[in-house]
Amino acid sequence: MLSKQEQLEKLNKKMSACSDCVLRTQCSRVVPGEGNAEAEIMFIGEAPGKKEDETGHPFVGAAGKFLNEMLAAIKLKRDDVYIANVVKCRPPQNRDPLPEEVAACWPWLLKQIKIIQPKLIVTLGRHSMERFLTGQKISQIHGTLVIKTIEGIGKQNFYTLYHPAAALYNGSMREVLIKDFQKIPKVLEKIKRES
C-alpha cells in the first residue's frame, strides 16, 4: 500500500503529463501543489501566476509571502498544510480560467483531496469557493464553516477566505482576511470535537 506522499508523487507525475486543455501549451510547467500529504488543512487557490509558473511551486509571489505570514501567525508553516489550485497551469496574462479549463483540472483536484483527506478545506478567493460552494457570495460566507457533500469526495468542511492577492491591495479586505485566518485553529478544533 502506497503512503499518501507516494500516492501524491505518482499523481503529480500524471498531472505533469496532462494536456487535456489549451493551458498546458501556453505555460512553462504544471504546478500540481505541495505540502504535507498528511495535512489536516488544505488551501485551494484559483490558478498559478507568473512566479508559480516559473518555479513550479504554488503561492510563491507576493500573495504567497502574505499567506506564509498568516500561517506563521497561527503557528503553522507551509510544511504543515497542503496548498493547491483549482487549475494547475497558468492562464495567459493571469486571466480567469475558462470553464472548460476548470473542468479539465477538476478530476486532478478531487484526486488530491481524496488522497490527503483534509479535515478542513480553506478556499482562497471567489473562484476557488465557487468550485465547491456554487451560488454563494464570498462577501456573505467568508470566515464561516460550511459543511457540504461534494460528488467524488463526500462530506467535507469548507472555510472561505478572501484571496491573499486581492487583500494585498485593499486595506479593509486585508484586515478581514487576517481576522478570518486567525479563526482557523478554532474552526479545526470544532471539527475534531464534532467528528
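The values are calculated or read from the model by the stated rules, or taken from the named source; none is laboratory data. These figures come from a predicted structure and were not determined experimentally. Please note: Cβ atoms are built from the backbone with ideal geometry, for glycine as well, and neighbour counts cover all protein chains shown.
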inquiry  = Please go through the range 152-172 and give me each residue that is farther than 21 Å from Pro58 by Cβ and more than 18 Å from the chain's Cα centre (by Cα), ordered by number.
reply    = Asn170, Gly171, Ser172
query = Taking Lys88, is it of a type in the set (D, E, K, R), buried (at least 16 other Cβ atoms within 10 Å of the Cβ) and either at pLDDT 95 or above or not in a loop (DSSP other than H, G, I, E, B) (or both)?
reply = yes
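Being part of a helix (DSSP H, G or I), under 15 Å from the mean Cα position of the chain (by Cα), within 24 Å of Met173 (Cβ to Cβ) and free of Cβ contacts under 8 Å to residues at least 12 places away in the same chain narrows it down to one of Leu67, Leu71, so name that one. Before the answer, list the steps.
Numbers: Leu67 fails: free of Cβ contacts under 8 Å to residues at least 12 places away in the same chain.
Just one listed residue meets the conditions, Leu71.
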request  = Could you check how many residues of the range 120-158 are in contact with a strand residue (DSSP E or B) (Cβ under 8 Å, 6 or more places away or on another chain) and surrounded by fewer than 16 Cβ atoms within 10 Å (Cβ to Cβ)?
outcome  = 6
request  = Please find, among Lys75, Lys13, Lys50, the residue that is at positive phi and surrounded by fewer than 21 Cβ atoms within 10 Å (Cβ to Cβ).
outcome  = Lys75
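Of the residues that sit in the range 159-195 and are of a type in the set (S, T, N, Q) and surrounded by fewer than 18 Cβ atoms within 10 Å (Cβ to Cβ), which one is farthest from Arg126 (Cα to Cα)? Walk me through it before giving the result.
Start the filter on the range 159-195 by keeping residues that are of a type in the set (S, T, N, Q), which leaves 160, 170, 172, 182, 195.
Narrowing further to those that are surrounded by fewer than 18 Cβ atoms within 10 Å (Cβ to Cβ): 170, 172, 182, 195.
Numbers: Asn170: 15, Ser172: 17, Gln182: 19, Ser195: 27 Å.
Checked the range 159-195; the qualifying residue farthest from Arg126 (Cα to Cα) is Ser195.
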message = So Phe59 passes all but one of these: (1) in a loop (DSSP other than H, G, I, E, B); (2) crowded, with 17+ Cβ neighbours inside 10 Å; (3) out of contact with any Leu (no Cβ under 8 Å at 6 or more places or on another chain). Which condition number does it fail?
response = (3)
key: Within the range 132-161, tally of residues that are of a type outside the set (Ser, Thr, Tyr) and either touching a Cys at 6+ places or on another chain (Cβ under 9 Å) or assigned to a loop (DSSP other than H, G, I, E, B) (or both)   = 8
message = For a quick check of your reading of the model, give me the residue pairs whose first member lies in the range 176-195 and is under 16 Å from Val81 (Cα atoms), whose second is loosely packed, with under 15 Cβ neighbours inside 10 Å and among the small types (Gly, Ala, Ser), with beta-carbon atoms closer than 8 Å and at least 6 apart or on different chains.
response = Phe181/Ala73; Gln182/Ala73
